[in-house]
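Before any comments, here is the structure.
The values are calculated or read from the model by the stated rules, or taken from the named source; none is laboratory data. Only a predicted model underlies this, so the values are computations on that prediction, with no experimental measurement involved. Here Cβ is always computed from backbone atoms with ideal geometry, including for glycine, and neighbour counts include all displayed protein chains.
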Amino acid sequence: MKPCIIFLGPPGAGKGSQTEKLKAHLNYETVSTGDLVRAQIKAQSQIGLKIEPFLKEGKLVPDELIIQLFKEWILDNKNAKGFILDGFPRTIEQAKVFNRDIVESLSLDVKVLSLEVSVDLLISRMLSRIICSNCKAVYNLNSKPPKKDGICDLCGSKLERRHDDQPETIKIRNTEYLNLTAPLSEFYSKALIKVNGNQSSEQVFNDILASL
C-alpha cells in the first residue's frame, strides 16, 4: 500500500511547516489545498472566481469545489512514492468522497496527524505570520523573522500577510474549523495520532517522526 499522511489542526497550528519538514524527510508528494485555492484565485480562473468570495470572508470553500481541485491534483501525482495532505479533507463530506473515490483506487495507507494547539497561541502565530509572494516560504515575525525586513531569505521577493490572517477573520476561521473540521478526529479515530503543537517546531517534528 502507498502511504498517505493527513494533517489536521486549526489555522495557525503549523501544518504547513511540518508538511515541508516531512516532505524533505520522506520525499513524498505534498499538497496544500490553501495553495491550490490561492493559485486559482491568482490566475482568476473560473473556479478561482467562485472560490474568492469565501476566502475573503474567512469561510471554508464549498466541498464540491475543493474536491474538484484535489482530485485533479492527486490524479496528476498518482505515481508518487507517498502523499502528505495539508488541508484536505476538511469536512466529513470531503473525507467520505476521499475514502470512496481515492483511498481504495490508489491503495492508500492513511495515517492522520492532529496538531493540538491552544487558541491563544494560534491567534499569536497567525497575527505574526508572513509569507513570500513568490516561493510561498513562511516566516513568523516573532519566532522565525526574515534576515531583511519584508524580503524573503530564499528568493528575495516581497513578503506579505495573507488576507485571511487578519484579526476579523481569524475568529471566523477558528469557528469554522471547530464546527466542520474538528469532527474529523472522530471520523479518523482508528488512524488518528495526536501531537502536542504548543512546542517548538523542531520538537513537534521529532514527535511526529517518533509517532510514525
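In segment 16-34, the residues that are in contact (Cβ under 8 Å) with a residue 24 or more places away in the chain and closer than 15 Å to L113 by Cα form Cβ pairs under 6 Å with partners that are of a type in the set (S, T, Y) and part of a helix (DSSP H, G or I), at six or more places apart or across chains, as follows: S17/S201; T30/T19. Please enumerate the residues belonging to segment 145-162 that are surrounded by 14 or more Cβ atoms within 10 Å (Cβ to Cβ), within 18 Å of E20 (Cα to Cα) and touching a residue at least 12 places away in the same chain (Cβ under 8 Å). Once the filter is applied, which keeps residues that are surrounded by 14 or more Cβ atoms within 10 Å (Cβ to Cβ), within 18 Å of E20 (Cα to Cα) and touching a residue at least 12 places away in the same chain (Cβ under 8 Å), segment 145-162 yields P146, C152, D153. Residues of segment 107-117 that are surrounded by fewer than 16 Cβ atoms within 10 Å (Cβ to Cβ) and either among the small types (G, A, S) or modelled with pLDDT under 90 (or both): S107 alone. The set of residues in segment 118-140 being under 21 Å from K194 (Cβ atoms), of a type outside the set (A, V, I, L, M) and crowded, with 16+ Cβ neighbours inside 10 Å consists of R125 alone. In segment 29-49, of all residues being modelled with pLDDT under 90 and within 13 Å of the chain's Cα centre (by Cα), the one that is surrounded by the fewest Cβ atoms within 10 Å (Cβ to Cβ) corresponds to D35. Checking each residue in segment 105-142 for being out of contact with any strand residue (DSSP E or B) (no Cβ under 9 Å at 6 or more places or on another chain) and either part of a strand (DSSP E or B) or among the hydrophobic types (A, V, I, L, M, F, W, C) (or both) picks out V119, L121, L122, I123, M126, L127, C135. V61 meets each of the listed conditions (1) at pLDDT below 90; (2) loosely packed, with under 15 Cβ neighbours inside 10 Å; (3) among the hydrophobic types (A, V, I, L, M, F, W, C) apart from (2). Close Cβ contacts (under 9 Å, 6 or more residues apart or on different chains) running from residues in segment 89-106 that are farther than 19 Å from F7 by Cβ to residues that are surrounded by 15 or more Cβ atoms within 10 Å (Cβ to Cβ) and modelled with pLDDT of 90 or more comprise D101/I67. When restricted to residues that are crowded, with 19+ Cβ neighbours inside 10 Å and either closer than 16 Å to K23 by Cβ or at pLDDT 95 or above (or both), segment 193-204 contains 2.
Collect the residues in segment 143-171 that are part of a loop (DSSP other than H, G, I, E, B), under 18 Å from the mean Cα position of the chain (by Cα) and of a type outside the set (K, R), keeping them in residue-number order.
H163, D164, D165, Q166
Among the residues of segment 79-104, how many are outside any helix (DSSP H, G or I) and surrounded by 13 or more Cβ atoms within 10 Å (Cβ to Cβ)? Spell out how you get there, then give the answer.
In the first step, residues of segment 79-104 are kept if they are outside any helix (DSSP H, G or I); the result is 79-91, 104.
Next, from what is left, pick out any that are surrounded by 13 or more Cβ atoms within 10 Å (Cβ to Cβ): 80, 82-91.
Selection size over segment 79-104: 11.
Considered as a group, the residues in segment 1-28 that are over 20 Å from S124 (Cα atoms) and in a loop (DSSP other than H, G, I, E, B) include one that is modelled with the lowest pLDDT, and that residue is M1. Are any residues in segment 172-212 hydroxyl-bearing (S, T, Y), touching a residue at least 12 places away in the same chain (Cβ under 8 Å) and not in a loop (DSSP other than H, G, I, E, B), and if so, which ones? Y177, T181, S185, S201, S211, listed by residue number.
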